[in-house]
Amino acid sequence: MVEEAEVSEQPPRTAGTRRGRSKPLGFAITLVVALAFFVGIGLLFHAQTYSAPAGTLVATRVGTSTVNGVSLQHVTLAFNTYPDASGTHNGVAVHPGGNSAWPTYGPTNQFQVPAHSLVTVTIRQYDSGGSLNNAWFDKVRGTVGGTATINGKVVTSINPNNVGHTFTVRGTPGTDPNFFVNVPLPLVPGDSQTDNGKYETVTFSFVSGAKGLYAWNCEFPCGTSVASFGGPMNAYGYMSGFVHVV
Amino acid sequence: MSSDAPGVGEPPLLEPADPPVQEEPFFSRPLGKIFIIWLAMTTVGVLIGIFVPHHVMPTLLSHEATDVWRTIVLFTILAAPVAALVYSVAAYSLIAWRHRGNQDEPPEDGPPLRGNNMVTGVWLATSTVLVLVLLAWGLSVYSSDETSHPGTLVVDVTGQQWLWTFSYPGTGVNTRSLVLPINRPVEFDVTSVDVTHGFWPVALGVQVDANPGVVTVIRASPDKLGNFTVRCSQLCGLYHSFMYAPGAVVTKAKFSQWLQSQGASTTTAQAAALITKQ
């Protein structure tokens, strides 16, 4: 009698019935979890990876110049390096929302120059510095004449122990893999992490490559954590960026 | 007539034989169908192993890269029948033995394979032979690639975020381009000044980690002229994807000229183009 009662209470075991009840709910839960996962990943990337200062700095055309017997369009760029990303310079925020303890290039890290043109760059270096971890970057490379001008003096290299930052641009296999420019920027003596108004003026020229996206970064270890290549060195918008050749 | 013979009207001693059972042809049975699927998948796998690597791999500029290519081809061909066996059984099971919605209860499982010594033995023996062949092949290739040769050119490789630099000891040449003479063994002494990078000149068929504070040695033997790219194979930070260096395998004469263009003296360059390490 007992066995009969137990059997009669059990619903018929049909796969269709079991699946029919749980399928919509399971599908909805899976969909919600998947959506939440991907939205979360997206928000995480958005919050942590993109922190660019102002928009792209477009080079100013100043005429034509001759380099190695070839007449080229001549453009100029002017930007700075600062010890404090959250500070102001001439009343203008250097890096709106930037980390106050991090050095940065400014007013932007994105530059635009025309292809196959003579580009003259002027950088005011306001930051302190120290020693390179690879002295290969103490030499000026890839510029016109292999030289740069520091406070009016022509140089081919600087003391590897007195470097503030470097401006190092490289081509990629998608553009021109052999394109390379490296200019070491001397430190401002006696400075720490505050902008005391003193600066070093570095000027150099290079001939831009083919159209495409070129990456640049600083090769002086001015960041935090591992080998001083964390923090501003590994966060977009501070010590790295892109040169858009159009 | 024997006295044992059944009399008239008595039933015969032997029942009339059943009509002979028509045995189902092999290829109509599940095993035969699985065999056909396996054969087709194996053929496709072998063809992929023979023809696809040639099209998807970069230009092969060294003896080691050729070894890598041969290894990929061999391993793919050997793996094809094994993978096809798994996929063919799975595919046939999904198609033929699928529980359909109009049935109330799933069909009964087939008899378990556990205890079938024949199947277990064949599976173990085949797996053992395949693994031993792969091991012997791999050790042989690795051994030949790691042998130091006289006249080896030494190149110091330094990785840092996010550039490679190359130094040619004895010449004073430090560059960001990796230029190598043809038909000359090369020893790369690889290190890093910050985080771990991965030194990977793809066309040379070698790859090794660049660890900070440690020099790791890897060798290659460029045997074809051409350009290549050095990449970083370890996720090393923000601009890892831009960590490239241009490379080239050139004639010994051009290698000497290139060294001079990078600042080496004529004597040093000519000497380095021949032998820098005995």
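Some values worked out for this structure:
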| read-out | value |
| --- | --- |
| Strands (runs of 3 or more DSSP E) lying entirely in segment A:140-246 (those with 2 or more residues that are away from every other protein chain (no Cβ under 12 Å)) | A:148-150, A:153-155, A:163-170, A:180-186, A:200-207, A:240-245 |
| One residue from A:ASN162, A:ASN109, A:ASN99 being buried (at least 21 other Cβ atoms within 10 Å of the Cβ) and assigned by TED's automatic domain parsing to the domain that holds A:PHE220 | A:ASN109 |
| Lone qualifier among B:LEU134, B:LEU139, B:LEU130 - being more than 18 Å from B:ALA80 (Cβ to Cβ) and aliphatic (A, V, I, L, M) | B:LEU139 |
| Elements of type strands (runs of 3 or more DSSP E) in segment B:161-244, at least 3 residues being in the same structural domain as B:ALA264 (by TED's automatic domain parsing), under 28 Å from A:LEU213 (Cβ atoms) and not polar (S, T, N, Q) | B:163-168, B:197-201, B:226-232 |
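Residue-by-condition table, conditions (1) touching a residue at least 60 places away in the same chain (Cβ under 8 Å); (2) surrounded by 12 or more Cβ atoms within 10 Å (Cβ to Cβ); (3) within 12 Å of another protein chain (Cβ to nearest Cβ); (4) over 30 Å from B:GLN262 (Cα atoms):
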position: B:PRO111; (1), (2), (3), (4): no, no, no, yes
position: B:ARG114; (1), (2), (3), (4): no, no, no, yes
position: B:THR120; (1), (2), (3), (4): no, yes, no, yes
position: B:VAL129; (1), (2), (3), (4): no, no, no, yes
position: B:GLY138; (1), (2), (3), (4): yes, yes, no, yes
position: B:GLY159; (1), (2), (3), (4): yes, yes, yes, no
position: B:PHE166; (1), (2), (3), (4): yes, yes, yes, no
position: B:VAL179; (1), (2), (3), (4): yes, yes, yes, no
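The values are calculated or read from the model by the stated rules, or taken from the named source; none is laboratory data. It should be emphasised that the depicted structure is a prediction, and the values quoted were computed from it without experimental measurement. When we count neighbours, we look across all protein chains shown, and the Cβ atoms used for this are built from the backbone with ideal geometry, even at glycine.
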